[in-house]
Amino acid sequence: MSVDVAIIGGCGHVGLPLGVALADRGLTVELVDINASAVDLVNQGVLPFVEPGAAEVLENVLAADRLHATTDTAAVGRAEYVVVVIGTPIDEHLNPDLNAVHETIAEIAAELVDGQVLVLRSTVYPGVTAMVEQLVARMGLDVDVAFCPERIAEGKAMTELYELPQIVASCSPRALERATKLFRNLTHEVIFLEPEEAELAKLFTNTWRYIRFATANQLFMMANDFGLDYERIRAALAYNYPRAADLPGAGFAAGPCLFKDTMQLAAFNNHNFHLGQAAVMINEGLPLYVVARLEQRFDLSEMTVGILGMSFKADSDDIRSSLSYKLKRILRFKAADVLCHDPRVTVDPDLVELDEVLARADLLVIGAPHPMYADVEIETPVVDIWNLRADGVMV
Ligand SMILES: NC(=O)c1ccc[n+]([C@@H]2O[C@H](COP(=O)([O-])OP(=O)(O)OC[C@H]3O[C@@H](n4cnc5c(N)ncnc54)[C@H](O)[C@@H]3O)[C@@H](O)[C@H]2O)c1
């Protein structure tokens, strides 16, 4: 084998930091991706998205000739480890697209060779690892299959890849051993599970986080409806009281994983997952709640509303499933005009400069709590469910 690792989906949010980190630890890495423009950017040393700390390491590993990106799947045949980390979306019925991983493996099937390790790293529906094992066996290949879920948070990859324990799962002891060897390049802590346990562990992780945010958001709405400040209550109840200190603040809980993985888990349980479905109603309902409350105090039809922050979370340029865009769609229906700003997002041609939003908007809503919005001088009323600013008005 002429390279250590080929990563399918290697220029994505999970694949690229992983490839860069492995190359930084001395392995040779081929990033295989169908996104030709991302491949070009990476080969030029440019990150296609914001990931703090990754740019410097990318530059170093490119200079050392340990990492290369390509659209050519032939790279797969040259690697000892083939890591699959493509997106695993849900469909219009909120069911996981079970073919996502299969189709990708079918695309690279001709390149797979005996003796390789195939590592699934996408978040997958329970049973997918076993199905892939069968698929590979039916192809007559002697390839070890393991599932090693990614648990990093976007924006923290370059620290969490080294700090978080790695869950490693496989039916085969040899695959377990070889997958463990790969991840020991990044972390010393490895946890072994059966494949279905590991698949559920990843879904439980994201679902738990999503439900916690929903709990906070529902408590926020309760307090707010009662004319009380959720953050004052939260600060008081958590003060020197560790049992309650993990109650999150309110905010738009969204992004590419939490909702989708909660729905994967619901589908796994025949759509019988009341807590998860309630979390969706609460989190997805929050932008509607904010607008409904604003309508009680303002004649939005006469107003220009500005949204500050369009990414799905602070310090990110990722707008996938961002609730700021849901808020924008609702407001476009209700308000005279809507203006949006984000200091990080580069893919939305409709964004306007901050000065223009501040000059023209009659009312502002913080959509994503980028730290820069904490200190901007604002004359207009600003709705801040995140508690970023001292002068935020109640919704
Ligand atoms: N984003 C996160 O924070 C995060 C964290 C943990 C786990 N995950 C999981 O990791 C997986 C990937 O998520 P992501 O956020 O990196 O998605 P992404 O869309 O950023 O990356 C996926 C990449 O795969 C590429 N791709 C798609 N089909 C391909 C194919 N057939 N061959 C080669 N490349 C292909 C895309 O062009 C893209 O660059 C998902 O299962 C997700 O749930 C994501």
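The values are calculated or read from the model by the stated rules, or taken from the named source; none is laboratory data. Bear in mind that the values here come from a model prediction, so they are computed numbers and not experimental data. Using ideal geometry, Cβ is built from the backbone for each residue, glycine included, and neighbour counts are taken over all protein chains shown. Remember, those area values only see protein heavy atoms, side chains included, never the ligands or the DNA or RNA. Shrake-Rupley method; radii C 1.70, N 1.55, O 1.52, S 1.80 Å.
Using the 1.4 Å probe convention, the accessible area of the range 317-364 works out to 53 Å² per residue with neighbouring protein chains retained.
What is the percent carbon and sulfur in the accessible area of the chain, measuring with a 1.4 Å probe over the protein chains and ignoring ligands? Walk me through the numbers on the way to the answer.
Working: 9330 of 17690 Å².
Result for the chain: 53 percent of the exposed heavy-atom area is carbon or sulfur.
Globularity index of the range 86-192 is 1.11 (Cα radius of gyration / 2.2 N^0.38 Å, N = number of residues).
Against the main long axis of the alpha-carbon atoms of the chain, helix 274-297 sits at an angle near 30°.
Using all pairs of distinct alpha-carbon atoms, the Kirkwood hydrodynamic radius of the range 1-128 works out to 14.8 angstrom.
Checking the table Lys202/Lys260; Lys202/Lys326; Lys156/Lys326; Lys260/Lys334; Lys156/Lys313 against a 23 Å threshold on Cα-Cα, which pairs fail? Don't jump to the answer; show the numbers that get you there.
Values: Lys202/Lys260 12 Å; Lys202/Lys326 27 Å; Lys156/Lys326 26 Å; Lys260/Lys334 28 Å; Lys156/Lys313 13 Å.
Violating the 23 Å Cα-Cα cut-off are Lys202/Lys326; Lys156/Lys326; Lys260/Lys334.
Taking the longest Cα principal axis of the chain as reference, the axis of helix 195-225 is set at about 0 degrees.
Label sites at Glu302 and Asn35, each approximated as a point 7 angstrom past Cα along Cα to Cβ, lie 4.5 nm apart. Net length available on complete extension from Ala359 to Met281 is 24.6 nm, with 0.36 nm assigned per residue and the Cα-Cα distance removed.
Considering every alpha-carbon pair of the range 205-331, the percent of pairs per 10 Å bin, from zero through the bin containing the longest distance, is 12, 36, 37, 14, 1. On the basis of the beta-carbon distance and an R0 of 56 Å, Val393 and Val113 show a calculated FRET efficiency of 0.35. The modelled label-to-label distance for the pair Thr380/Trp208, using points 7 Å beyond Cα in the direction of Cβ, is 4.1 nm.
Counting pairs of alpha carbon atoms under 8 Å apart in space and at least six apart in sequence, what relative contact order in percent does the chain give?
11
With only Cα atoms counted, the range 287-328 has Rg and Dmax values of 11.9, 32 Å.
Given q = 0.21, 0.29 Å⁻¹, what are the Debye log10 I(q)/I(0) values for the range 304-374, with equal point scatterers placed on the Cα positions and solvent ignored? Those come out to -0.81, -1.48, one per q. A protection proxy built from the mean count of other Cβ atoms within 10 Å ranks the segments 275-283, 347-355, 29-37, most packed first, as 29-37, 275-283, 347-355.
Can you give the calculated 222 nm mean residue ellipticity of the chain, where each DSSP H run of n ≥ 4 adds -39,500 (n - 2.57) and the sum is split over every residue, rounded to the nearest 500 deg cm²/dmol? Working shown, then result.
On the way: 14 runs with 165 residues, N = 395.
That calculation yields -13000 deg cm²/dmol at 222 nm.
Report, in degrees rounded to the nearest 10, the 0 to 90 angle that the Cα long axis of helix 128-138 makes with the longest principal axis of the chain. For 128-138 against the chain, the angle is about 30 degrees.
Given a 1.4 Å probe, how much area per residue of the range 269-315 is accessible, in Å²?
Working: 2170 Å² over 47 residues.
Accessible surface, normalised per residue, equals 46 Å².
The mean accessible area for residues of the range 87-232, using a 1.4 Å probe and ignoring ligands and nucleic acids, is 46 Å² per residue. Applying 1/(1 + (r/R0)^6) with R0 = 30 Å to the Cβ-Cβ distance of Ala244 and His271 gives a FRET efficiency near 0.40. Apply the Debye scattering formula to the chain, with a single equal point scatterer on each alpha-carbon and no solvent, then give log10 I(q)/I(0) at q = 0.09, 0.11, 0.15 Å⁻¹. Relative scattering, expressed as log10 I(q)/I(0), comes to -0.59, -0.86, -1.32.
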